[in-house]
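Have a look at the structure below before the remarks.
The values are calculated or read from the model by the stated rules, or taken from the named source; none is laboratory data. On a predicted model such as this, the values are computed, not experimentally measured, just so you know. No Cβ is skipped: glycine too gets one built from the backbone with ideal geometry, and neighbour counts run over all protein chains shown. Ligands, DNA and RNA are excluded from the accessible area calculation, which covers all protein heavy atoms including side chains. Shrake-Rupley method; radii C 1.70, N 1.55, O 1.52, S 1.80 Å.
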Amino acid sequence: MKVTLHTGALATQSTPCLVLGVFAQEPLTGAAAQIDRASNGRLTALREKGDLSGEAGHTLLLYDVPDVAAERVLLMDFGQSSTLTRAKYRKTLAAAINAIQQLRAGEALLALPTTLPNGMNVYLALRDAVLLAEERVYRYTHTKNDKHAPKMPLTALTLALTDDSDSVVAERAIAHGTAIAAGVRLAKELGNLPGNICTPTYLATQAMALETRCQALSVEVLEAEAMAALGMNALLSVARGSRQPPKLIVMKYNGGAPNEQPIVLVGKGLTFDAGGISLKPATDMDEMKYDMCGGASVLGVMEAACALNLPLNLVGVVPSSENLPDGDANKPGDIVTSMSGQTIEILNTDAEGRLILCDALTYCKRFDPALVIDIATLTGSCVMALGKHAAGLFSSDEALAAELLTAGERAGDRAWRLPLWDDYQQQLDTNFADMANVGGREGGAITAACFLSRFTKEYRWAHLDIAGVAWISGKEKGGTGRPVALLTQFLLERSGLM
Ligand code: BES
Ligand code: MN
Ligand code: ZN
């Protein structure tokens, strides 16, 4: 989808569909007032008839609006200006984009309402509009010809500004929104692909493809032999149960000074998690194809970083494997020596994410990182604690935690902090190794984070458990591309581009 900016008069602008934000119960303002005047009060007349409900998310399509060049005018009702929230704002825009796609208009010229939700400025409002439109335009087609897909997806969106002085900010919002959307889209698509297509090898191929699309990126893929030489026995122990070779994907984005310490992102790339010998129940097991969404989000952030030309150094590390039952798979009670030298008793083979991550986290030391963030669909326990709306954030670095929480809030891709206190560490004690890979039923997301913390002592570190937010279940099942927006926001702010 092509996104452009329009400043100047709206009534004389020809477009298949002019979309206007209104507050149905209130006098028209901004772009809607402009069109109302041009059409000799047509919108006010309709509003007074009560054809718009005054509830956020309603739309009304008008044809033949007098003295207006647009073929159609679509009113989108944002409800009451005084109670407009970001959620309502997004819901309304999504409804409008859906309506445009049903119309087969193909292109639209869209003007936002004059009042924005609390905490939102023109930049965020426009960026959200771009992201939402891209979100509605995305269709999974790799293995399906979607009959319900709109006959004519939105291919061009023009955002109208009523105030010219916003145009610099608006151009930036469009550029940032487009870049983030590209990253989100890649993360979603990789997540949605089935396990028999999106294997560790496939993920590695996608990283290589990213390298050819992006000047500043160089990609290296470590094979099992290289991992063995490094002593990555925890990672390799998970892969032993699979016929698919594991990969350690390393992506370096160089946008900063050569000697500048990089930010390192580590993403869990488990392309299918059956649980191994500690086999998962059959119900909904298909959703464990999404167990690589942490890794996919790292690829997505790399894509966005390239598009934004971020002036910093970034390293993405994606340990990738399957977790399946097999004669050679890990067994409960098996003990492995991780790359760090610490031994791990594998009491549950389904707690495999931390096994592949711990070696990747040890590997990160070689980059002399400014900080490391890992992103993983790590625990069902995190979903129980926070549900589907917030990612779990863990860090004993107060400043880093605060930065990530704020980035999530601004990006509308929120995280919520959970404790990482030493009190929980003892749950990992075992008589037979330096630690067990599970800490019992209580506080499972926390003990998982505690496990990882034992491999991250030498740098600033935060952990995002995205098990609840990486995909949606049910009728609308699909990857969300989260937390690409949160992480890109974090990087934009670090780059001083905000
Ligand atoms: N990939 C799963 C976590 C998961 C489960 C994410 C459900 C989203 C939905 C992870 O590898 C796993 O199986 N974790 C176990 C850990 C347990 C054995 C300590 C879990 O959460 O049940
Ligand atoms: Mn598992
Ligand atoms: Zn898993």
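Sorted by accessible area (1.4 Å probe), largest first, how do Lys331, Lys88 line up?
Numbers: Lys331 110, Lys88 75 Å².
From most exposed to least exposed: Lys331, Lys88.
Grab the beta carbon distance between His148 and Ala69, set R0 = 30 Å, and tell me the FRET efficiency rounded to 0.05.
Numbers: r = 32 Å, r/R0 = 1.07.
Efficiency computed from Cβ-Cβ geometry: 0.40.
Among the Cys residues of the chain, which have no other cysteine Cβ under 4.7 angstrom away?
Cys17, Cys198, Cys293, Cys358, Cys364, Cys382, Cys450
Once you put a point 7 Å from the Cα of Ile197 and another 7 Å from the Cα of Glu398, both along the Cβ direction, what distance in nm separates them?
Label at Ile197, label at Glu398, 4.8 nm between them.
Can you list the residues, at least 5 places off or on another chain, whose amide H is less than 5 Å from the amide H of Arg417, using H built in the peptide plane?
Leu393
Could you list which residues have their amide H under 5 Å from that of Met120, counting only those 5 or more apart in sequence or on another chain, with H placed in the peptide plane?
Amide H neighbours of Met120: none.
Using the Kirkwood formula on the Cα atoms of the chain, what hydrodynamic radius do you get, in angstrom to one decimal?
It works out to 23.8 Å.
Per residue of the range 319-325, in order, report the coupling 6.51 cos²θ - 1.76 cosθ + 1.60 (Karplus, θ = phi - 60°) as ³J(HN,Hα) in whole Hz, putting x for Gly and Pro.
3J(HN,Hα) across the range 319-325, in whole Hz: x, 10, 6, 9, 10, 10, x.
³J(HN,Hα) across the range 189-204 via Karplus (A = 6.51, B = -1.76, C = 1.60, θ = phi - 60°), whole Hz, x for Gly/Pro?
Rounded to whole hertz, the list is 4, 4, x, 6, 5, x, x, 7, 9, 7, 9, x, 5, 4, 4, 5.
Give me the one-decimal nm value for the distance between modelled label points at Ser14 and Glu476, 7 Å along each residue's Cα-to-Cβ direction.
3.7
Quick one: which of 337-343, 48-54 comes out on top by average Cβ neighbours within 10 Å, and what's the full order, highest first?
Working: 337-343: 17.4, 48-54: 12.9.
Ranked from most to least packed, the peptides come out as 337-343, 48-54.
For Asn348 and Thr85, calculate 0.36 nm times their separation in residues minus their Cα-Cα distance, and state this gained length in nm to one decimal. Could you put the intermediate results ahead of the total?
Details: separation 263, 0.36 × 263 = 94.68 nm, distance 4.35 nm.
Contour length minus Cα-Cα distance gives 90.3 nm.
Let's test the formula: R0 of 56 Å, r as the Cβ-Cβ distance of Gln102 and Asn431. What FRET efficiency results, to the nearest 0.05?
0.30
Compute the label zone of Tyr140 within the range 439-472: residues whose backbone N is under 15 Å from the point 7 Å along Cα-to-Cβ.
Only 470-472 pass the distance filter.
Tell me the label-point distance for the pair Thr283, Asp422, using the 7 Å Cα-to-Cβ offset, in nm and rounded to one decimal.
For the pair Thr283/Asp422, the computed spacing is 4.1 nm.
Restricting to DSSP H runs of at least four residues, report the calculated mean residue ellipticity at 222 nm for the chain, -39500 (n - 2.57) per run over all residues, nearest 500 deg cm²/dmol.
-11000 deg cm²/dmol
May I ask you to derive the FRET efficiency for Asn309 and Glu220 from their Cβ-Cβ distance with R0 = 22 Å, giving the value to the nearest 0.05?
0.50
Any idea what diffusion coefficient the range 372-498 gets from Stokes-Einstein, in µm²/s, Kirkwood Rh on alpha carbon pairs, 4 °C, 1.567 mPa s? Mind showing how you got there, number by number?
On the way: Rh = 15.2 Å.
Rounded, D is 85 µm²/s.
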